[in-house]
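> Take this structure, written in structure tokens, and hold onto it; I'll ask about it next.
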There are 2 protein chains.
Amino acid sequence: MTEVSAAPRPRGRPRDADVDHRVMDAARTIYRERGWAGFNFGAIAKAARVSKDSLYRRFDSREDLLVAALTVPPADVQLDGHGDIRGRLIAMAAETLAGFALPDGMIMFRVFVESASNPELRDVYHSQVALPHIKNVRRAVSEAIADGTLPEITNPTVFIDALLGGLVMHVMVTPAHLRDQMMEKSDQFVRDHVDLLLRGAGYRGGDAD
Amino acid sequence: MTEVSAAPRPRGRPRDADVDHRVMDAARTIYRERGWAGFNFGAIAKAARVSKDSLYRRFDSREDLLVAALTVPPADVQLDGHGDIRGRLIAMAAETLAGFALPDGMIMFRVFVESASNPELRDVYHSQVALPHIKNVRRAVSEAIADGTLPEITNPTVFIDALLGGLVMHVMVTPAHLRDQMMEKSDQFVRDHVDLLLRGAGYRGGDAD
């Protein structure tokens, strides 16, 4: 943002704070439902009830706009802070599962699918979707190993892939019309899931029965 | 196929056995790359070098053709037969991972993504993609519980979702250009993955160190 200046703009309407929100909402909905092929400034401007000019002032490209609109659930979940690894993983897994189960949770899967045959989306997928997932969990696991509540895991990748993958698969095999029912039982699922993996990894803390 | 008749066809070329193969290949490639929006008889006929009539004789609808073309890796893997649950799960997981890592492995993810906003694909996804995955592993797990090599798992869904989900996630976080490298190390990954879950589930057999 090299154009930011302290001088007041001489004319034009004051910046509508609500516009950003409408644009992000429209971008997510259009990408989720139509994919990259339908993700263009015209359609998004129309759905957000803003001018195309207004979009071009905010974003240099479709990629820019998609990156801004991506809300990848695990990247939003902070695993920093205090508490036992079990409690932190359960909290992270619960929020992640809830995020995947929302309609916007599908966006992550769509970027993955489309990035396979679309070089424009490859970097977006890896930097914005795949890496944040992994890094967040990897940090928590490293800290638990450092403080002694987890033994040295010979293969942390296996633990992390199973942790996030189990949540992904749970959503993938649940039809959309049964998602509410799935979420009602999600606390138990998440606890059982985290405990299965912690026991497998040799967890020495409490309550992983 | 109510038109099938014992009477020899009076004329026309003999049925080309290679046509079926070309049609399936073309259908998979086109669905994988373009999705449901680009999956039409015209495009598939052209890519397979057959007439559209020839497709209409074989398939009643696009859904029919997609179902015929779907090869869902885990559904192809037989877990029946002899051997310890650990060996059988490792073999299943290795084949499943290899299937996901192929370009056609993306088809499963695409049907999932598109079925979320496309009622025509919902049944296809659930009957042809999600259920075969789950049923196959569930059967093996039930047998292992019956023969005593696995304890009664309080939540078999958790075990199965983590088993298949870990494989899915391993592929999802590996960029396409690193898939060959991933597959070179896949034997170790698969053993560590299955062993993590078996230990977590209280496996009583050998070699899950």
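The values are calculated or read from the model by the stated rules, or taken from the named source; none is laboratory data. Please read these numbers as outputs of a predicted model, since none were measured by experiment. Here the Cβ is made from the backbone with ideal geometry for all residues, glycine too, and neighbour counts use every protein chain on show. Each accessible area value is taken on the protein alone, full model and side chains, heavy atoms only, with ligands, DNA and RNA left out. Shrake-Rupley method; radii C 1.70, N 1.55, O 1.52, S 1.80 Å.
> Restricting the first residue to region B:11-35 and requiring it to be under 16 Å from B:Val111 (Cα atoms) and not assigned by TED's automatic domain parsing to the domain that holds B:Asn118, which pairs with a second residue that is modelled with pLDDT under 85 and open to solvent by 70 Å² or more (accessible area, probe 1.4 Å) meet a Cβ separation below 8 Å and a spacing of at least six or different chains?
Once the first residue is under 16 Å from B:Val111 (Cα atoms) and not assigned by TED's automatic domain parsing to the domain that holds B:Asn118 and sits in region B:11-35, its partners that are modelled with pLDDT under 85 and open to solvent by 70 Å² or more (accessible area, probe 1.4 Å) give B:Arg32/B:Pro103.
> Take the conditions open to solvent by less than 10 Å² (accessible area, probe 1.4 Å), β-branched (Val, Ile, Thr) and in contact (Cβ under 8 Å) with a residue 60 or more places away in the chain and apply them to A:Val158. Does it pass?
no
> Just name the residue that is surrounded by the most Cβ atoms within 10 Å (Cβ to Cβ) out of those in region A:46-55 that are at pLDDT 95 or above and within 24 Å of the chain's Cα centre (by Cα).
The extreme case among them is A:Ala48.
> Which residue, of B:Ala146, B:Ala201, B:Ala140, B:Ala116, is surrounded by 15 or more Cβ atoms within 10 Å (Cβ to Cβ) and without any contact (Cβ under 8 Å) to a residue 40 or more places away in the chain?
Matching residue, one of B:Ala146, B:Ala201, B:Ala140, B:Ala116: B:Ala116.
> Can we say B:Arg122 is facing chain A (nearest Cβ under 9 Å), open to solvent by 20 Å² or more (accessible area, probe 1.4 Å) and not hydrophobic (A, V, I, L, M, F, W, C)?
Answer is yes for this residue.
> Given the criteria surrounded by fewer than 20 Cβ atoms within 10 Å (Cβ to Cβ) and assigned to a helix (DSSP H, G or I), does A:Ser127 qualify?
Against the criterion (surrounded by fewer than 20 Cβ atoms within 10 Å (Cβ to Cβ) and assigned to a helix (DSSP H, G or I)), A:Ser127 qualifies.
> Within the group A:Arg139, A:Arg122, which residue is in contact with a Ser or Thr (Cβ under 9 Å, 6 or more places away or on another chain) and of a type in the set (Lys, Arg)?
Testing whether each residue is in contact with a Ser or Thr (Cβ under 9 Å, 6 or more places away or on another chain) and of a type in the set (Lys, Arg) leaves just A:Arg122.
> Could you tell me which of the residues B:Leu150, B:Leu167 is more than 8 Å from chain A (Cβ to nearest Cβ), modelled with pLDDT of 80 or more and touching a Phe, Trp or Tyr at 6+ places or on another chain (Cβ under 7 Å)?
Within the list B:Leu150, B:Leu167, the selection yields B:Leu150.
> Give me the residue from region A:174-198 that is among the hydrophobic types (A, V, I, L, M, F, W, C) and surrounded by fewer than 21 Cβ atoms within 10 Å (Cβ to Cβ) and, out of that set, nearest to the other protein chains (Cβ to nearest Cβ).
A:Ala176
> Let me ask something additional. Name the helices (runs of 4 or more DSSP H) wholly within region B:130-209 that hold at least 3 residues that are closer than 13 Å to A:Gly166 by Cβ?
Ranges flagged: B:156-172, B:186-200.
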